[in-house]
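K.L.:
First, the structure itself, so that you have it in front of you.
The values are calculated or read from the model by the stated rules, or taken from the named source; none is laboratory data. These numbers come from a predicted model, not from an experiment. A quick note on method: Cβ atoms are made from the backbone with ideal geometry, for glycine too, and the neighbour counts reach across all protein chains shown. Heavy atoms of the whole protein, side chains included, go into the accessibility calculation; ligands, DNA and RNA do not. Shrake-Rupley method; radii C 1.70, N 1.55, O 1.52, S 1.80 Å.
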Amino acid sequence: MTAPDATSGTAATTEAPAASWRDSLAVYLQPRVLIVLFLGFSSGLPLALSGSTLLVWMREAGVDLKTIGLFALVGTPYTLKFLWAPLVDAMHVPLFTRAFGRRRGWLVFSQLLLIIAILLLAMTDPARSPFYVALGALLVATTSSTQDIVVDAFRVESLPESEQAAGMASYVAAYRIGMLVSTAGALFIVSGFESTGITRTSAWMWGYVVMAAMVLIGTITALVATEPEQSVRAEAATKAETAFARVLHAAIGAFSEFLSRKDALAALAFVVLFKFTDAFSGTMTAPFVIDLGFSRNDYAAIVKGVGLAATLIGGFAGGFVARRYSLATSLWIGGVVQALANLSFSWLAVVGTNQWALALAICAENFTSAIGTVIFVAYLSALCQNPLHTATQYALLTALAAVGRTYLSSGAGFVADTTGWALFFVICVLVAIPSLVLLAYLQKRGHFEALGPVRV
């Protein structure tokens, strides 16, 4: 996401260009922004450990595609985290809250639980006990999503308005780096351990142990940080109100306000389905690359290395599209290009093991997916217009958006196993059609005009 307000403000100022650049760069070195940066790394790190990296481990262990596809279900906590987000906001953690404060206490507590969960997952063996692997991955996803809840609240409460844009940019960049470390970095680490002569199973175990140790970066950051003043004031102001009352008021208000809108159910269905084409293909990308004959290091360097650059560039492109066109037109552009990009994988399935072809396919998919994501985030933000319920509504909407990735895509392995890779990715294009039909319906009904102008 970009910050057009900051850009326009800079254009309007009378300061000298040198001072403007200096001020723009200096904000990224503010202690609060640096704290948010390291917390972004801590949030991005665990996602792949229960996702794409784990799928590579399982495929190398000989787990069949149908079982791998079902592992998309371990992402359930990311979908349902809004259910316990109010509890994190209202409840205290014994000892931790008293020692570190309301937000920092939850940060340290959730990160310690996350380390334990990753270590438990490291001790499992996909070839012998897929059930325990699933249980370990579920624990990682649960503790990771809890950390996300706290980090989001800490970021918003700790940064003043003048640093929010820089803090968000730092958070997103560090989040992507954290994901890169737990995908490409983890795979290189596993290969390094394996090159020492230990078994592949042990190499994967020690790779996950290293990833668990890296969570300590976020823990140290939480210990160095100070409790946000807004959190301290909120704690003092709500002492007379019970946690149950606060949770109840937020939940009821958020639901009733949203559902009273025209075509609310169609809008919610569109939220679920817009990124489904990405989710359906993304679930099987890692097994596809491995099955095609690429090495683990090829996957790490191209899929997660070159792919990251394509994602970042696509994010800027998505911001340009969202500024240049209306929200509805932007959604059409994002929805169509992210769907058609799946055909690059069908082409790769025909070409076979060719590193240049893999790089091209990955760049096309990541670039278009980022365009769709930025525009989609703009749409979700436009839906959250009531300042009394913004946090709750956004949590609910992002949870709905994760339904496609977590539940609807769980059958992708069965489809790939039945059709073969080339036809599978053609089907991934077709699953985008329902979202485009809903987009046309909402546009015809005046849904986007009712939201007013949207700025990204």
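K.L.:
Could you please report the charge total around Leu65, scoring K, R as +1 and D, E as -1 over all other residues with beta-carbon less than 9 angstrom from its beta-carbon?
P.N.:
-1
K.L.:
How big, in percent, is the set of alpha carbon pairs in region 264-381 lying more than 22 Å apart?
P.N.:
Here the tail beyond 22 Å accounts for 35 percent of pairs.
K.L.:
Would you mind getting the accessible area per residue of region 80-199, heavy atoms of the protein chains only, 1.4 Å probe, in Å²?
P.N.:
Per residue, region 80-199 has an accessible area of 44 Å².
K.L.:
Moving on to the next point. Could you tell me whether region 267-326 comes out rounded, prolate or oblate from its Cα gyration tensor? Rule is a ≥ b ≥ c as square roots of the eigenvalues, rounded for a/c under 1.5, then prolate if a/b exceeds b/c, otherwise oblate.
P.N.:
Oblate.
K.L.:
Quick check: pseudo-label points 7 Å beyond the Cα along Cα→Cβ at Ala309 and Ala264, how many nm apart are they?
P.N.:
So the label points at Ala309 and Ala264 sit 4.7 nm apart.
K.L.:
What shape does region 29-125 have by the C-alpha gyration tensor, where a ≥ b ≥ c are the square roots of the eigenvalues, rounded means a/c under 1.5, and otherwise prolate means a/b greater than b/c and oblate the rest?
P.N.:
Details: a/c = 2.31, a/b = 1.89, b/c = 1.22.
Prolate is the answer for region 29-125, as a/c is 1.5 or above and a/b outweighs b/c.
K.L.:
Still on this structure: Just order 353-366, 37-50, 131-144 by mean Cβ neighbour count inside 10 Å, highest at the front, would you?
P.N.:
37-50, 131-144, 353-366
K.L.:
For region 207-218, what does the Karplus curve 6.51 cos²θ - 1.76 cosθ + 1.60, with θ = phi - 60°, yield as ³J(HN,Hα) per residue in whole Hz, taken in order and with x for Gly and Pro?
P.N.:
Ordered by residue, 3J(HN,Hα) equals x, 6, 4, 4, 5, 4, 5, 5, 4, 4, 4, x Hz.
K.L.:
Sort region 86-165 into rounded, prolate or oblate with this rule: let a ≥ b ≥ c be the square roots of the eigenvalues of the Cα gyration tensor; rounded if a/c is under 1.5, and if a/c is not under 1.5, prolate when a/b is larger than b/c, oblate otherwise. The partial results should precede the final answer.
P.N.:
On the way: a/c = 3.21, a/b = 2.06, b/c = 1.56.
The shape class here is prolate.
K.L.:
Sticking with this one: Take the Cβ-Cβ distance between Leu430 and Trp84 as r, set R0 to 45 Å, and report the resulting FRET efficiency rounded to the nearest 0.05. Could the numbers behind the result be given before it?
P.N.:
Numbers: r = 36 Å, r/R0 = 0.80.
My answer for the efficiency is 0.80.
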